[in-house]
1. Among (1) in contact with a strand residue (DSSP E or B) (Cβ under 7 Å, 6 or more places away or on another chain); (2) surrounded by fewer than 22 Cβ atoms within 10 Å (Cβ to Cβ), there is one condition A256 misses while meeting the rest; what is its number?
2. Residues in the range 4-14: is at least one surrounded by fewer than 17 Cβ atoms within 10 Å (Cβ to Cβ), under 18 Å from T378 (Cβ atoms), modelled with pLDDT of 95 or more and in contact with a helix residue (DSSP H, G or I) (Cβ under 9 Å, 6 or more places away or on another chain)?
3. Test E184 against the stated conditions and say whether it is among the acidic types (D, E) and surrounded by fewer than 19 Cβ atoms within 10 Å (Cβ to Cβ).
4. So, restricting to helices (runs of 4 or more DSSP H) that lie completely within the range 103-206, which ones have at least 1 residues that are within 16 Å of the ligand (Cβ to nearest atom) and of a type in the set (D, E, K, R)?
5. Please go through the range 16-28 and pick out each residue that is out of contact with any Phe, Trp or Tyr (no Cβ under 9 Å at 6 or more places or on another chain) and not in a helix (DSSP H, G or I).
6. Any residue that is touching a strand residue (DSSP E or B) at 6+ places or on another chain (Cβ under 9 Å), outside any loop (DSSP other than H, G, I, E, B), closer than 23 Å to T288 by Cα and within 16 Å of the ligand (Cβ to nearest atom) - is there at least one of those in the range 93-101?
7. State yes or no: is T88 outside the structural domain of T252 (by TED's automatic domain parsing), within 22 Å of P384 (Cβ to Cβ) and away from the ligand (no atom under 12 Å from the Cβ)?
8. Among the residues of the range 33-57, which ones are closer than 29 Å to G16 by Cβ and touching a helix residue (DSSP H, G or I) at 6+ places or on another chain (Cβ under 7 Å)?
Amino acid sequence: MPTDDSQPTYYRASLGLMKEVSGALAADYHSALITHMRANGGVFDYPAAGLSFQLAKEFGFCYGVDKAVDMAYEARVKFPGKRIFLLTEIIHNPRVNKRLVDMGIVFLSGQYATGLTEDAITAEDVVLIPAFGTSSETLARLRAKGCILIDTTCGSVVRVWKRVERYAADGFTSVVHGKYDHEETIATVSQARAQGGHFLVVRDRAEAERVVSFIEGSMPAGELLAGFHPGACSAGFDPARHLQRIGVANQTTMLASESLEIARVIGAALERRYGREHADEHFRSFDTICSATQDRQDAIQAMIAGTPPDLILVIGGYNSSNTGHLLEVAMSRCPAYHIQDAGEMLDTARIRHLPQGAKAPVETRDWLPGGELRIGLTAGASTPNRAIADSILRVLELRGVNAADAMEAIES
Ligand code: SF4
């Protein structure tokens, strides 16, 4: 690997070119409508169409996504003549990923992959690591190639890694509340593996209850393991040995209330099994939900408290974990639809959306009632403001309002 300090080969923060890329970023993702709404308490009324829109207090791009997207744009400017590879989607938003494809960035996996693999990377190339991070094994292989690495891993994800490393170093198995096949969780559990530690990924409270049953002796090891995908636990995972000392962590974008509940039930089971006086020897827990996820979940909770809107649009990529959890909160009090972009509102009768927990979008009829409507809006941490504004303009359009008229109304 080159060692010339004037030619760094590993970047973890801004490449110092924000002035050069800020215009392009604003043109691609900024929205005058959302800026207007922020300045007016998050509200945009359009009485002529009987519509009132209300934004959640926190929504859209988080600090980690901002940083990752900024660094990708900076990389394109800094290395105009080099091939730039991206390990997988930089964040879970189709608009952003498609824009990077247009900029000539080559995806190595996921829906935008070109067929090229890691084998194609040489020391002359630039490689972007997405905001979710990558496994310690992949990072080691890339370092060995000597290519230029632009690591956009979010600091909040690194914080979880440190926790999991600590658990492994202290002989605790990491039980991670997350999705075993999510990029972030794949990277997180690799930190335990790198320390010679073990892990088990539990997706929800029901899977955590299986762990509780095993700890309490009411479920045999074979039955416990049969309920988990092989990728959800470390190689050689032996429940009898590896569920005696447990440290709980979570994927940063899970539903915070569920993560806390999972830690509570596992901690209580270990205490019953080993006694309160030995609790610290058998159980550790650390809430690793990131503050951006927490703030967005709290904001939608606040929106539905009291009199909820007539319906809520939750905007974000269909593979975005945190967007799915915003839907889960929103739909507890009123009709709510998770849409990837404005085009999913097909007409006043039909909307294509991803129901909670579903694998693929479905079409629902009669989603937009007539008469006066108060519509709530929120968006996942990887959704640009432009996508939210487009959704508002689409609803107006479905009520017969021209987008240009709407923007004129804002400007006046
Ligand atoms: S959702 Fe949280 S962990 Fe993920 S990129 Fe944003 S701030 Fe970082």
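1. (1) is the only condition that A256 fails.
2. no
3. no
4. Working: elements: 136-145, 155-169, 183-194.
Once the helices (runs of 4 or more DSSP H) in the range 103-206 are filtered for at least 1 residues that are within 16 Å of the ligand (Cβ to nearest atom) and of a type in the set (D, E, K, R), what remains is 155-169, 183-194.
5. G16
6. Looking for residues that are touching a strand residue (DSSP E or B) at 6+ places or on another chain (Cβ under 9 Å), outside any loop (DSSP other than H, G, I, E, B), closer than 23 Å to T288 by Cα and within 16 Å of the ligand (Cβ to nearest atom), one finds none in the range 93-101, hence no.
7. On the way: outside the structural domain of T252 (by TED's automatic domain parsing): yes; within 22 Å of P384 (Cβ to Cβ): yes; away from the ligand (no atom under 12 Å from the Cβ): yes.
Here the answer is yes, as T88 does meet what is asked.
8. I34
The values are calculated or read from the model by the stated rules, or taken from the named source; none is laboratory data. These figures come from a predicted structure and were not determined experimentally. In this analysis, Cβ positions are derived from the backbone assuming ideal geometry, glycine residues included, and neighbour counts consider all displayed protein chains.
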